[in-house]
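The values are calculated or read from the model by the stated rules, or taken from the named source; none is laboratory data. Owing to the predicted nature of the structure, the values given are computational and were not obtained by experimental measurement. Heads up, the Cβs are rebuilt from the backbone with ideal geometry, glycines too, and the neighbour counts pull from every protein chain shown. With ligands, DNA and RNA removed, areas are computed over all heavy atoms of the protein, side chains included. Shrake-Rupley method; radii C 1.70, N 1.55, O 1.52, S 1.80 Å.
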Protein chains: 2
Amino acid sequence: MSEPCLIGIDWGTSSLRAYLLGQDASLLDSRAQPWGIQYTPDRDFARAYRLLLEDWLAQWPGLPAIASGMIGSRQGWCEVPYVDCPADASALAAAMVCLETGVGRLHLVPGVRQLGSRPNVLRGEETQVFGAIALKPELADDALLLLPGTHSKWVEVQYGRLQAFSTFMTGELFAVLRDHSILGRPALEAGAISDADTFIRGVQTARDSGSRGIADCLFGVRSLVLCNELQPNQSLEYLSGLLIGEELRSALGGTASASVPVLLGDPSLCARYRLAMESFDVQTAKPIKNPGTAGLWQIAEAAGLVKAKGVQGV
Amino acid sequence: MSEPCLIGIDWGTSSLRAYLLGQDASLLDSRAQPWGIQYTPDRDFARAYRLLLEDWLAQWPGLPAIASGMIGSRQGWCEVPYVDCPADASALAAAMVCLETGVGRLHLVPGVRQLGSRPNVLRGEETQVFGAIALKPELADDALLLLPGTHSKWVEVQYGRLQAFSTFMTGELFAVLRDHSILGRPALEAGAISDADTFIRGVQTARDSGSRGIADCLFGVRSLVLCNELQPNQSLEYLSGLLIGEELRSALGGTASASVPVLLGDPSLCARYRLAMESFDVQTAKPIKNPGTAGLWQIAEAAGLVKAKGVQGV
């Protein structure tokens, strides 16, 4: 095994993942616990950190460590103020907060805030974005990145900077409507099957809603079942299609967009979005999987915690 | 007290209300219990019915009784098949199901189904609609009625018939987002104040979203708080404004509509919608309060259960 250079940590709402990285962000080892900030035992972040990492830290004392995600939020270990966009990796690096953990120092990456007419925030996604740029440098100049998830983020990159972004609550809307609204009831009784055709039917209903949007189509998840035009066990696929379709309808603006979004993140969710985009005549490139470690490396490099590529070992 | 002619019942999801009606639907007495079909003790509808009404039924044996609402759904006492629209009061009357309750017969009003390209259903609102037409006969020829609520209904009336309708889940969306999503969190900690200006701000954000809709504005309920542009205790007013604004944006189509909707139902909710409509330059007439009893009377009359106005007593 080559010499470790950095411990990179993705500490989000529901999980805690740590990566032992060698030269050029090569992955040497990794580990995970379900200790996201909402589930950290006793909210004792220092103890969780020590339990997860003490053998690495004992074996390689002084190894730099960097973490991004909700651990730097008000509900996390230590609040790291947002950096205003446009922001590049150096701006993030300069605004990190350094924490004394009891077993060495930990650098917390800030989230990004957008002021002006469309106030918005993100935290954690900035690291994915700079990882994607590191993995595909051609994205740096001008790209639209789409990070689907609980809160789907559409991020504009220009000149190597995170320029602007918007948020769609698609994943959370799906979960609360499934679990807590009348729309989840048919599947509660009948179960849910995987059904791409029904998913696409939902996507196309959203697409065809034109400027009205899906506000008067959502109830269709129930009424189509009552009118025998949808099977109860297909209803969640239809709901998922409606919601992802509405995100695309709104973000792509109904017309052929100049920018084709590049997908980042969870492969199965990215596949779902790619399928939906076909109904909008948008062909997307192969999604970028797990850009997180490359992003942590990139920010650590900008902070001087690790040496730049081609320089190390000199 | 004039002689009772009809017992009219509104038996919905959360409540059970009964009205003792004299000539021309005049209200003689009323009573209510929180025994909506989701809360009827032991799901024993016959017992609930008897407990609520046995003294009326003992005092006036053979008094006709009619009920509308979810009591006629699959989850209710006895499923009453939908009538397809367009439908008039006679079509509803002809499709009623007559139930032997043990303490006399009860006529259950059917809901209405819309087939074709926009399948949809309603149950209970049909009675409000025919009540509104009875109270304001000028609506019969051509009107757009708006019944705000958990599932807001926009109903087109033509030539005395319920012609077509659409459903917006505005009330339910508000409740599930407040109670189960991240958007409810600021108010959970800070409480919620009544604030018309913030409500209107939400309405206007939805209006100004144009053809994009509010898909990328919803998260603003959180991000505006994090950017100090919204107080946590105002956040639910903003969410309410966004959702009602999106309903109006979608239904009114962005342009000055030919049909100005007439509001029916709960006065405080109707007032909220009227206020929101001002931002769309739509002035609405005074809402029609409680058209339900007039509707039950109208359908009973069409069924021959009571005598038509001007004829009774002959």
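Some points to look at:
- Restricting attention to the range B:149-172 and to residues that are within 14 Å of chain A (Cβ to nearest Cβ) and among the β-branched types (V, I, T), the residue that is nearest to the chain's Cα centre (by Cα) turns out to be B:T150.
- Of all the residues in the range A:61-103, those that are assigned to a loop (DSSP other than H, G, I, E, B), modelled with pLDDT of 95 or more and of a type in the set (A, V, I, L, M, F, W, C) number 7.
- Unique match (being over 20 Å from the mean Cα position of the chain (by Cα) and either closer than 14 Å to A:A87 by Cα or in contact (Cβ under 8 Å) with a residue 12 or more places away in the chain (or both)) among A:A192, A:A134, A:A175, A:A143: A:A192
- Unique match (being in the same structural domain as A:E54 (by TED's automatic domain parsing), basic (K, R), at pLDDT below 95 and open to solvent by 10 Å² or more (accessible area, probe 1.4 Å)) among A:R118, A:R113: A:R118
- The range A:31-62 - residue that is under 28 Å from A:E3 (Cβ atoms) and acidic (D, E) and, of those, surrounded by the most Cβ atoms within 10 Å (Cβ to Cβ): A:E54
- From A:E100, A:E79, residue being acidic (D, E), open to solvent by 40 Å² or more (accessible area, probe 1.4 Å), more than 14 Å from chain B (Cβ to nearest Cβ) and over 12 Å from A:L162 (Cβ atoms): A:E100
- 1 or more residues among the polar types (S, T, N, Q): qualifying strands (runs of 3 or more DSSP E) within the range A:1-58: A:27-33
- Number of positions in the range A:108-141 that are part of a helix (DSSP H, G or I) and within 14 Å of another protein chain (Cβ to nearest Cβ): 1
- Residue list for the range A:179-213, filter: assigned to a loop (DSSP other than H, G, I, E, B), on the phi > 0 side of the Ramachandran plot and within 14 Å of chain B (Cβ to nearest Cβ): A:G213
- Where B:L144 falls short, out of the listed (1) closer than 22 Å to B:R274 by Cα; (2) outside any helix (DSSP H, G or I); (3) open to solvent by less than 10 Å² (accessible area, probe 1.4 Å): (3)
- Taken as a whole, the structure places A:T198 among residues that are closer than 15 Å to A:R272 by Cα and over 14 Å from the mean Cα position of the chain (by Cα).
- Taking residues in the range B:198-219 that are farther than 13 Å from B:I244 by Cα, and partners anywhere that are open to solvent by 60 Å² or more (accessible area, probe 1.4 Å) and of a type in the set (G, A, S), the pairs with Cβ atoms closer than 6 Å and at least 6 places apart or on different chains are B:S211/A:S211.
Results for (1) surrounded by fewer than 21 Cβ atoms within 10 Å (Cβ to Cβ); (2) facing chain A (nearest Cβ under 10 Å); (3) over 30 Å from B:D24 (Cβ atoms); (4) not β-branched (V, I, T), shown as yes or no for each residue.
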position	(1), (2), (3), (4)
B:L218	no, yes, yes, yes
B:Q234	no, no, yes, yes
B:L239	no, no, yes, yes
B:E247	no, yes, yes, yes
B:E278	yes, no, yes, yes
B:D281	yes, no, yes, yes
B:L296	no, no, no, yes
